[in-house]
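The block underneath contains the structure these notes are about, expressed in structure tokens.
The values are calculated or read from the model by the stated rules, or taken from the named source; none is laboratory data. In this text, all values refer to a predicted model and were calculated from it rather than measured experimentally. Here Cβ is always computed from backbone atoms with ideal geometry, including for glycine, and neighbour counts include all displayed protein chains. In case anyone asks, the SASA skips ligands and DNA or RNA and just uses the protein heavy atoms, side chains included. Shrake-Rupley method; radii C 1.70, N 1.55, O 1.52, S 1.80 Å.
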Number of protein chains: 2
Amino acid sequence: MSNQRKRKAKIGTSSIESEIFKSATSFSDQTLAQVNELLSIWGMTPLQYNALRVIYVEDKQDTGIPSKEIGSRLYTRVPDVTRLLDRMVDKGWITRERDKINKRVVRSRLTDIGMELVESAHAPLAELETKQLDHLSDDEKNALSTLLNKALNKALD
Amino acid sequence: MSNQRKRKAKIGTSSIESEIFKSATSFSDQTLAQVNELLSIWGMTPLQYNALRVIYVEDKQDTGIPSKEIGSRLYTRVPDVTRLLDRMVDKGWITRERDKINKRVVRSRLTDIGMELVESAHAPLAELETKQLDHLSDDEKNALSTLLNKALNKALD
DNA sequence: AAACAACAGTTGTTATAACAAGTATATGTC
DNA sequence: GACATATACTTGTTATAACAACTGTTGTTT
């Protein structure tokens, strides 16, 4: 008489693996929301900040960093680095130039503004991250870091 | 003589907290990519699957689940549940109806197709998750789950 | 050195996420 | 019982993510 289909029994009790994914995702999502809010002070998104930071850290010789390397060092997949960098050029944070030797490559460098942005945001971000985890002991943080890295290495196989 | 600004020394060495965020984000991003690939077989996105699963699990009485509750049970922030559900109505996976008593509330229920989708995808997803972590011992998985939850609770304060 | 494959970026398109403002209903207060 | 406030959802708009096809350059093979 009812049009209600019977739901299978097994769905609903979630495995330890599911719990781990759910927690890791929630954790990174919640933290990202706070990082996003903080970075909005400077008009940056987390992705833009990360790209700036990659260039800042890697481009010691001020020769510029290829788009592909920037993409590979961001810790989420980014299918469209070109337009991510386009917007950062428009904002005056980076400059781009074709590599003279390998003309396929485009190298990005920070402008003074871009450099200042990375330096301004760094300490507040570090503080936010520390605060987020200040209820964990050093042992717990080390254990968590180790376990996440172990989990991650398989994910990247 | 060079127009190169001096980069501050401190940036580049990352704290244990940064490492944790980076690993957690990479881990969930990589896993999500695989989940996305798997779910694309049925034409679902991870977010859509999660919404379907929420309704499947919560709507025991087939009275429908309010949009707000669906949103709150998804483990990422979703600012636009209405249109997420719109698309699922269009695809024939759910139906929506205004609550008779509280007319502000809209309740979503699974169609037979929606129910079949959840049931079809569940086992392959569980298998994927298990495989992703099969190089961790039970103790490690339990420890990871516990630590992530502890980290998460602060993030949600 | 011509042909083919690989590589690094670019561009076009569509769908979705994010943010903000708006609408209808319900609840609380005086 | 009018009025302010809160709630649940909707709608409008803009920016970005995702996917695929394409261009120009370099490397490899014969």
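Of note:
- Candidates in segment B:82-98 are the residues that are over 12 Å from B:Asn50 (Cα atoms) and out of contact with any strand residue (DSSP E or B) (no Cβ under 8 Å at 6 or more places or on another chain); of these, the one that is nearest to DNA strand D (Cβ to nearest atom) is B:Thr82.
- If you filter segment B:101-111 down to residues that are open to solvent by 30 Å² or more (accessible area, probe 1.4 Å) and part of a strand (DSSP E or B), you find that the one that is farthest from DNA strand C (Cβ to nearest atom) is B:Arg109.
- Here B:Arg98 clears all of (1) within 19 Å of A:Thr13 (Cα to Cα); (2) within 11 Å of DNA strand C (Cβ to nearest atom); (3) without any contact (Cβ under 8 Å) to a residue 12 or more places away in the chain except the condition numbered (1).
- Residue check: B:Arg7 meets all listed conditions (1) within 14 Å of chain A (Cβ to nearest Cβ); (2) within 16 Å of DNA strand C (Cβ to nearest atom); (3) outside any helix (DSSP H, G or I); (4) basic (Lys, Arg) but one, namely (2).
- Test result for A:Lys141, among the charged types (D, E, K, R) and open to solvent by less than 60 Å² (accessible area, probe 1.4 Å): yes
- Residues considered: A:Val78, A:Val89, A:Val54. Of these, the only one that is in contact with a helix residue (DSSP H, G or I) (Cβ under 6 Å, 6 or more places away or on another chain) and in a helix (DSSP H, G or I) is A:Val54.
- Filter result for the condition that a residue is among the hydrophobic types (A, V, I, L, M, F, W, C) and touching a residue at least 60 places away in the same chain (Cβ under 8 Å), over A:Ala121, A:Ala126: A:Ala121
- The residue that is farthest from the chain's Cα centre (by Cα), among those in segment B:128-157 that are facing chain A (nearest Cβ under 7 Å) and polar (S, T, N, Q), is B:Asn142.
- Hey, A:Leu117 more than 14 Å from A:Gln48 (Cα to Cα), under 18 Å from the mean Cα position of the chain (by Cα) and not small (Gly, Ala, Ser) or not: no
- Test: residue in segment A:57-74 that is away from DNA strand C (no atom under 13 Å from the Cβ), over 21 Å from B:Gln30 (Cβ atoms), out of contact with any Lys or Arg (no Cβ under 6 Å at 6 or more places or on another chain) and β-branched (Val, Ile, Thr): yes
- Scanning segment B:36-64 for residues that are open to solvent by less than 10 Å² (accessible area, probe 1.4 Å) and within 11 Å of DNA strand D (Cβ to nearest atom), we see that the one that is nearest to the other protein chains (Cβ to nearest Cβ) is B:Gly64.
- Within segment B:112-127, none of the residues are within 12 Å of DNA strand D (Cβ to nearest atom) and either within 10 Å of chain A (Cβ to nearest Cβ) or assigned to a strand (DSSP E or B) (or both).
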